[in-house]
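Novice: Attaching a single structure in structure tokens format; questions to follow.
The values are calculated or read from the model by the stated rules, or taken from the named source; none is laboratory data. What you see is a predicted model, and the numbers here were worked out from it, not measured in a lab. Note: ideal-geometry Cβ built from the backbone for every residue, glycine included; neighbour counts use all protein chains shown.
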Amino acid sequence: MWGLPRVALEGLGMTTSKKGERHPISLSLFLVLLSMSVLLAPTVHEVGGNPGLIHVPSDYGTIQMAVDAAHSGDTILVANGIYNESVVIDKSLNLTGTSSYGTIINATRLGRAAVTVVNSTDVSVQGFTIVDNDYFNDSLWVTGSSRVTVAGNRMTASIYSNGTYIYSSSDVTVAGNTITGNLYGIAVQGGFDNVVEGNNSTGNTAGLIVSASQGNKITDNVLKRDAFGIRMSASTGNILARNTIANNSFSGIDMENSPGNRVLENDVDFNNAASTTYGIYLAGSINNRIYYNNFRNNSIQVYAVYTPADILQNLWNDSALVNPKGNFWSDYTGTDGDGDGVGDTNLPYPCPMGGRPCSFQGPPGVDYRPLMTAYQSTLRVTALASPDVGLPPLQVSFTGLVIGGVGPYSYNWDLGDGTRSLQQNPTNTYSVLGSFTVTLVVNDSLGAVESDLITISIVAGTLIVHVHGPGQQQLSQANVASVAQPAGQIPLNQTIDTGVATFDLLRPGTYTIRASSTGYSSNTTTVTVSLNKTSVAEITLKRVSSPSVTGLYYLAAGGVAAGIVAVGAFLFYRRRSKNARSLATAPTSKNTRAVR
């Protein structure tokens, strides 16, 4: 039993005598020792199960209890009611409310976001009213995650917090939500390749903000009665299409230090709360393509604030080789002499003479191909790609879908890397890093034209880790591994003998790196890997000066075992002494037999 010496077993009464007589055991002592053995035994947790359906509150009283109990792929169905809790999701699951009006998660005064999705993939949150009226606590926060869907919810935070905050995440879809009364209705910071579609973000400081993020598609949203309809900062390769952006107090579209984006088919209307309210505001943003938008009844239709480049280095038409078309301006007063639907006089509009209203002292600008009537298409074109993000070389299959118009249709793909195709469903292989804007233009047999855009992200970065010992000398024979990495990234692990570990073709995002070496205590650091860049991390290890946790474990176990032996020996010798005294004092008689 437990490999204890025979003397200890005899002391516990667990051995037999020479004649097979069994000594009784001390029950209380046995239970004590059994409990000690349980404490020393390693803990084993079982994880398993098949995807299933969990009900709240019938199966679990709170949503968080159901999340904690769920297995990967489970669906949690939450009944109508008010749930005063803050929910953290860190696994793959579907969290579904019975009704976006009747199923309410309220985290006010709890000090955290109402719903947090952290370091997870394949998560959906839908069908809730989500409320968090605290300072600086979002109603829903997605961080370090991918393949997340946030759909059909009603969300309110406070003027100091965000309705939905997508941070350092990719392939997140925010669709069909109603978001009001927040700092930012929807905020996308860092990450790439997210979709914001069909939301009503009204009555916020900003309806939507995109910051330091690329390759996002923002379509068919209603962004009204905010200070900013859409605000974009330090972001590139994004698509803003078919949004209704109206009645905002500072600007409809605000782009700062954001080059290389596409802005098309938006209705930018009645942003005129003050005499200085802008339809579209550009500051340090160049190489954008802005076309097919309707700018109507804004106090200042367009304003380019910093340098002449904001006016001259943006393209304000569709760049078609034949009869290119620009934007509609409700106050355009030029004429169309050739009847092609494009103005021929008072160009470029709205600043043919330069200066105001486009800028204080800027050159003439903006649109050399203004439309005579508001843009409207009878076609609806959808471009699809699978996959749309990955490491090079990446083969992508495209699909073109058309609704409306009169067939047959002609397809013209610009695949973003210089490759073009006239097929409906082409394929292409991307071999270099970067974010590529893919455009599909469709013509029907009556001459109607419509387009759609998608982004392809070939994303990778490099990480170099230097491992040092005391005195900053490089250590050999070290192990470098990641303990946290962006969603979709395989964990890193490399054994080195040069003091330097190099990892290539990494997904951009935040990594937590641990270095360890024999004779040294391990250490961790956090580093951000950026697209198409090399990041460097430095980790210093200290020499081990105290027993390790494992050593202490075995030291404690040895002490306990020695104690058990001592107790057993004590009881054994105590029993023998008692028997000896009994023999010495027993009466002698012919009828008395010696006790053996």
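Novice: For Ala320, all conditions in the list (1) of a type in the set (A, V, I, L, M, F, W, C); (2) within 19 Å of Val268 (Cα to Cα); (3) at pLDDT below 90 hold save one; what is the number of the exception?
Specialist: The single condition Ala320 does not satisfy is (2).
Novice: For region 493-511, how many residues meet the condition of being in contact (Cβ under 8 Å) with a residue 24 or more places away in the chain, under 12 Å from Leu463 (Cβ atoms) and either touching a strand residue (DSSP E or B) at 6+ places or on another chain (Cβ under 6 Å) or part of a strand (DSSP E or B) (or both)?
Specialist: Taking region 493-511 and keeping what is in contact (Cβ under 8 Å) with a residue 24 or more places away in the chain, we get 496, 498-511.
Next cut, under 12 Å from Leu463 (Cβ atoms) only: 500-511.
Subset that is either touching a strand residue (DSSP E or B) at 6+ places or on another chain (Cβ under 6 Å) or part of a strand (DSSP E or B) (or both): 500-506, 508-511.
The total comes to 11.
Novice: Give region 313-331 a look and list any residue that's outside any loop (DSSP other than H, G, I, E, B) and more than 19 Å from Thr236 (Cβ to Cβ), or say none. So that I can check it myself, show each step before the final result.
Specialist: So the first thing to find is which residues in region 313-331 are outside any loop (DSSP other than H, G, I, E, B), and the list is 315, 328-329.
Of everything in region 313-331, those that are outside any loop (DSSP other than H, G, I, E, B) and more than 19 Å from Thr236 (Cβ to Cβ) turn out to be Phe328, Trp329.
Novice: Then there's this: Just to be sure, is Pro350 assigned by TED's automatic domain parsing to the domain that holds Ile239, of a type outside the set (Ser, Thr, Tyr) and more than 23 Å from Ile239 (Cβ to Cβ)?
Specialist: Details: assigned by TED's automatic domain parsing to the domain that holds Ile239: yes; of a type outside the set (Ser, Thr, Tyr): yes; more than 23 Å from Ile239 (Cβ to Cβ): yes.
Against the criterion (assigned by TED's automatic domain parsing to the domain that holds Ile239, of a type outside the set (Ser, Thr, Tyr) and more than 23 Å from Ile239 (Cβ to Cβ)), Pro350 qualifies.
Novice: Taking Asn238 as the residue in question, decide whether it is over 17 Å from Leu140 (Cα atoms) and not assigned by TED's automatic domain parsing to the domain that holds Thr129. Break it down stepwise before answering.
Specialist: On the way: over 17 Å from Leu140 (Cα atoms): yes; not assigned by TED's automatic domain parsing to the domain that holds Thr129: yes.
Yes, satisfied.
Novice: I'd like to know if region 128-143 contains one or more residues that are over 19 Å from the mean Cα position of the chain (by Cα), buried (at least 21 other Cβ atoms within 10 Å of the Cβ) and under 20 Å from Gly252 (Cα atoms).
Specialist: No; the residues of region 128-143 include none that is over 19 Å from the mean Cα position of the chain (by Cα), buried (at least 21 other Cβ atoms within 10 Å of the Cβ) and under 20 Å from Gly252 (Cα atoms).
Novice: Restricting to region 323-346, and then to whatever is of a type in the set (Ser, Thr, Tyr) and at pLDDT 95 or above, can you tell me which residue is farthest from Asn288 (Cα to Cα)?
Specialist: From region 323-346, those of a type in the set (Ser, Thr, Tyr) are 330, 332-333, 335, 345; that's our starting set.
Keeping just the survivors that are at pLDDT 95 or above gives 330, 332, 335, 345.
Values: Ser330: 22, Tyr332: 22, Thr335: 27, Thr345: 24 Å.
If we take residues in region 323-346 being of a type in the set (Ser, Thr, Tyr) and at pLDDT 95 or above, then Thr335 is farthest from Asn288 (Cα to Cα).
Novice: Taking the residues in region 159-190 that are among the β-branched types (Val, Ile, Thr) and within 15 Å of the chain's Cα centre (by Cα) as candidates, determine which candidate is surrounded by the fewest Cβ atoms within 10 Å (Cβ to Cβ).
Specialist: Thr173
Novice: Read through the list (1) farther than 30 Å from Ser530 by Cβ; (2) touching a Pro at 6+ places or on another chain (Cβ under 8 Å), then give the number of the only condition that Leu401 fails.
Specialist: Every condition holds for Leu401 apart from (2).
Novice: All but one of (1) touching a Ser or Thr at 6+ places or on another chain (Cβ under 7 Å); (2) modelled with pLDDT under 95 hold for Asp267, so report the exception by its number.
Specialist: (2)
Novice: Same structure, new question: Restricted to region 155-173, and to residues that are modelled with pLDDT of 90 or more and aromatic (Phe, Trp, Tyr), which residue is nearest to Glu197 (Cα to Cα)?
Specialist: That would be Tyr165.
Novice: Can you say whether Val115 is β-branched (Val, Ile, Thr) and within 20 Å of the chain's Cα centre (by Cα), as far as the supplied structure shows? Explain how you work it out, then say what you get.
Specialist: Working: β-branched (Val, Ile, Thr): yes; within 20 Å of the chain's Cα centre (by Cα): yes.
Here the answer is yes, as Val115 does meet what is asked.
Novice: Let me confirm something: among Ser397, Ser421, Ser377, which residue is within 28 Å of Asp338 (Cα to Cα) and either in the same structural domain as Arg242 (by TED's automatic domain parsing) or surrounded by 12 or more Cβ atoms within 10 Å (Cβ to Cβ) (or both)?
Specialist: Details: Ser397 fails: within 28 Å of Asp338 (Cα to Cα); Ser421 fails: within 28 Å of Asp338 (Cα to Cα).
On inspection, the qualifying residue turns out to be Ser377.
Novice: I need the full set of residues from region 463-491 which are in a loop (DSSP other than H, G, I, E, B), touching a residue at least 24 places away in the same chain (Cβ under 8 Å) and within 30 Å of Val142 (Cβ to Cβ), in order please.
Specialist: Within region 463-491, Gln485, Pro486, Ala487, Gly488 meet the criteria.
Novice: Sticking with this one: For region 54-67, how many residues meet the condition of being more than 18 Å from Asp122 (Cβ to Cβ) and part of a helix (DSSP H, G or I)? Steps first, please.
Specialist: Kept after step one, since they are more than 18 Å from Asp122 (Cβ to Cβ), are these residues of region 54-67: 55-65.
Adding the requirement that they be part of a helix (DSSP H, G or I) leaves 63-65.
Summing the residues that are more than 18 Å from Asp122 (Cβ to Cβ) and part of a helix (DSSP H, G or I) in region 54-67 gives 3.
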